[in-house]
């Protein structure tokens, strides 16, 4: 799921403080060089905690490996990496570790989320230790798209049907690390709808709009809704204008204090206000015409 909106997200994120060496901050020195000088090179750890064996056990625990085996991918290879920007990579391949054989690509980073004070009241704010989903893609390169599950904008291959397993992984890892939650900024409406099974927009107005959209267009496919937003064919009835999709922070809460935010009377009141106010109609034939015209010059992967 490609990310294009990090500039908006980064204004509310701060680097995670990994700790200090006695007498000086590790952030002021070459940490990699310093650590190499005091201990032998070791296997890289995912989120500073999980080695490849622990990751394997976790994937087995949530039945992800069994699910992949049912799809014909029994010989799965695991690759863990951490780059210089502290982005953590968890990649799964079939048969060999080769870019052409990648099934699952998860990239996470640790950060502090500092929401705008408008969500709490003037002069009040809170901060949360979170894991940011920098990238998440799962693909089945051997299976073609079908009429039942057509290609989505930005999608190269069909999915693996593992979102439920991913949510379990997030829950276990987040609780193990004592995090408040996970944050993602889906760049397509279909991503936000898929994540809505466990995630909520931090902005209650955005949550209300997307849930109302899901309510009114429940008889349409995910692909149709995504194309409806792209072609401006989904109309908000009150203003009689195309409904845009405004990417923003979508959160999977883990800690009680972040849970309390989403269950607060202020959040629920604002959510109900927008959920009850917003109603949509879908100019479906118009969407089909515009879709056909767009695909004359662009591929689905480019969208």
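The values are calculated or read from the model by the stated rules, or taken from the named source; none is laboratory data. This one's a predicted model, so the numbers in the text were calculated from it and none came from an experiment. All Cβ positions, glycine included, derive from the backbone under ideal geometry; neighbour counts span all protein chains shown.
Criterion first (over 20 Å from the mean Cα position of the chain (by Cα) and either closer than 24 Å to residue 167 by Cα or crowded, with 16+ Cβ neighbours inside 10 Å (or both)) does residue 221 satisfy it? Taking the combined requirement at face value, the residue satisfies it. Checking each residue in segment 187-209 for being under 19 Å from residue 138 (Cβ atoms), at pLDDT 95 or above and part of a loop (DSSP other than H, G, I, E, B) picks out 188, 196, 197, 198, 199.
Report, by residue number, each residue of segment 233-276 that is out of contact with any helix residue (DSSP H, G or I) (no Cβ under 8 Å at 6 or more places or on another chain) and not in a helix (DSSP H, G or I). Matches in segment 233-276: 235, 236, 237, 239, 240, 241, 242, 255, 263, 264. For segment 162-175, a residue qualifies if it is over 15 Å from the mean Cα position of the chain (by Cα) and farther than 17 Å from residue 128 by Cβ, and exactly one does: 172. For segment 85-113, filtered to residues that are touching a residue at least 12 places away in the same chain (Cβ under 8 Å), over 18 Å from the mean Cα position of the chain (by Cα) and outside any strand (DSSP E or B), the residue that is farthest from residue 144 (Cα to Cα) is 85.
Among the residues making up segment 289-298, those that are surrounded by 10 or more Cβ atoms within 10 Å (Cβ to Cβ) and either in contact (Cβ under 8 Å) with a residue 40 or more places away in the chain or not in a helix (DSSP H, G or I) (or both) are 290, 291, 294, 295, 298.
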